[in-house]
1. According to a simple spin-label model (label point 7 Å from Cα along Cα-to-Cβ), what is the distance in nm between ASP23 and ILE357?
2. State in Å² the accessible area per residue of the chain; use a 1.4 Å probe, count heavy atoms of protein chains only, and round to the nearest integer.
3. Taking segment 48-121, which GluC sites (Glu not before Pro) meet the DSSP loop condition and have no more than 16 other C-beta atoms within 10 Å?
4. Using a cut-off of under 20 Å, list every residue of segment 312-328 whose amide N is near the label point 7 Å from the Cα of GLU496 along the Cα-to-beta-carbon line.
5. Mind putting a number on the dipole of the chain about its Cα centre? Charges go on the C-beta only, +1 for Lys and Arg and -1 for Asp and Glu, and I need it in Debye to the nearest 20.
6. Based on Cα coordinates alone, diagonalise the gyration tensor for the chain, multiply each eigenvalue by 5, take square roots, and list the semi-axes in whole Å, largest first.
7. Pop a pseudo-label 7 angstrom from the Cα along the beta-carbon direction at both ARG142 and CYS406 and give the gap in nm to one decimal.
8. Among the listed pairs LYS421/LYS495; LYS198/LYS495; LYS120/LYS232; LYS436/LYS504, which have their C-alpha atoms separated by more than 22 angstrom in this model?
Amino acid sequence: MKHYSIGIDFGTEEARAMLVDMDGNCGGSAVFLYPHGVMEECLPDGTKLRAGFALQHPRDYIEALEALMRDLFREHPERAEQVIGMGVDFTQCTMMPVDADGTPLCFQEEFRNEPHAYVKLWKHHGAQRQAERLTETARKRREALLAFCGGEIYAETMFPKMLETFEKAPEVYRRADRFVELADWIPFFLTGSPKRSKSIAGCAALWNPSDGYPSEEYLEEAAAGFGAAAEKLSGELADVGTPAGYLAPERARQYGLPAGIPVAAGLGDCQAAFVGAGLSEEGVLLSVMGTSSCDMLVDRKGIGIPGMYGVSADSMIPGMYGYEAGQATMGDLLGWFVKHQVPGPYMQRAEEAGVSIFDYLNGLAEAVSPMETGLLALDWWNGNRSVLLDTNLSGMILGMRMGTRCEDIYRALAEALAFGKRRIVEQFETYGIQVKKICATGGVASKNTFLMQVFSDIMGIPVWISEAENGSCTGSAVYGAVAAGAAAGGYDGLKEAAEAMGGKVGRVHMPEERYRQHYDALYEEYKTLYQYFGRENQIMKRLRSQAERGEGD
């Protein structure tokens, strides 16, 4: 009998599920759009949100699970009985406060209009000041944890968001029995087990095997009364590829699945995508390119690298350290440009040609020589994730002239994204971790061949495109198969499972040598702007602060 594992990927705008057999073949897939989407302006009842907020409603995730499990087996209902395991991944760090039963506080009537009771999505940037204070205190105390979060505590992670709630909504903080990452809450919802993922704890909550979570003394010095914050992260930690729990009878009946199948410990979506792309070896950087970009690699040395906000033991592959970097915008940037900056005639010509506006712009930009635009951009429209770790930075385009065309700007933005990736790779290599190639996955990587060629040209290394339909879903299914084990029809080891079930290479982009000299010189100019606006001149932050005051922050 054929066996299947279910991989469920909770993204920014939608949730996806795949049914994957033990050879990596897709036996079914489903997608669910969140009804509430990303709440950036107001809550469902109209309560206004401050600038920088990005919230979600946990009811959407519950509805997603029900819809995905229904649709996944619509054509082949018999396959439900062949499922031996499940895995879950989530955008990271996406977190929320819950009560002692694990119920989200925003479900309670008294907190329905309190923003801090809702899910804070990964791109919620309201905690930058708290992140800066936690970093400053850690530096003063010479906390060892700084070596494993890039030297800066990033605003998107757990403790800054918890501290923001502590200071801005103290009653929510007091009433919260726990703060939980959604990659941990979904397995809890499915199984009733309060286990947390060791991967999630290390990547998003400053946990390490030697010291555990940050000390009470450190947290108390950062903010009086915040010292016991780590107690709100209680729960046994489970290794990747092991069960967080087993599917509860109630959920099994609801979804039509076998009761008691293992649900693997959750991961970040990008950690899951690493094995979903069939990877398990050192020297390969996986770049998951969607709304933003997350970069993952593994290494045995465990080196603390400034600007890499996650260096975590056993976070993807047992026995190896996982490194996490990334860019806070990828598809988002090109999407912004198309939505707000492309003239009407361009839209009309794309429609007349029967192609998407992205394909139309790609064709125009591809015909533009890299040497003729005269433009250089910084890719910080949503802040800088690596290596500056600063969500308060903003984007910039330099060199605009009266003759600058739409396709010139589009190409410059594509190049800025590639320069940002090159800066990340350079940082790895400066600290002794060689990157031999990039494997890219995600919607942007699979659809935008022009952008991927620009990446290869600028970085000077091959860019492999994984043909996995959804690397994160596939990866979560891999972890589910390992949690089930060989005796149940799965696998006992992640390397074996990744190689058997992970996506193969679909195409390879090789660098064009004719552009090497130009791009090397332009990259040096990019680094000049990077250093000046990222570290030396605070004008971007002053302008942002002024704009936020104008919005009533």
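The values are calculated or read from the model by the stated rules, or taken from the named source; none is laboratory data. Small disclaimer: the values here were computed from a predicted structure and weren't measured. Positions of Cβ are backbone-derived with ideal geometry, glycine not excepted, and every protein chain shown enters the neighbour counts. These accessible areas exclude ligands, DNA and RNA; they are computed on the full protein's heavy atoms, side chains included. Shrake-Rupley method; radii C 1.70, N 1.55, O 1.52, S 1.80 Å.
1. Simple spin-label model gives 4.4 nm for this pair.
2. On the way: 20860 Å² over 553 residues.
For the chain, the solvent-accessible area averages 38 Å² per residue.
3. Working: sites: GLU63, GLU66, GLU75, GLU78, GLU81, GLU109, GLU110; in loops: GLU75.
Here the GluC sites (Glu not before Pro) that fit, given the DSSP loop and packing criteria, are GLU75.
4. It comes to 316-320, nothing else.
5. Values: 53 positive and 76 negative charges, 144 e Å.
Magnitude of the dipole: close to 680 debye.
6. Details: eigenvalues 235, 168, 110 Å².
Semi-axes, largest first: 34, 29, 23 Å.
7. Result for the modelled spin labels: 5.8 nm.
8. Values: LYS421/LYS495 27 Å; LYS198/LYS495 19 Å; LYS120/LYS232 16 Å; LYS436/LYS504 18 Å.
Over 22 Å Cα-Cα: LYS421/LYS495.
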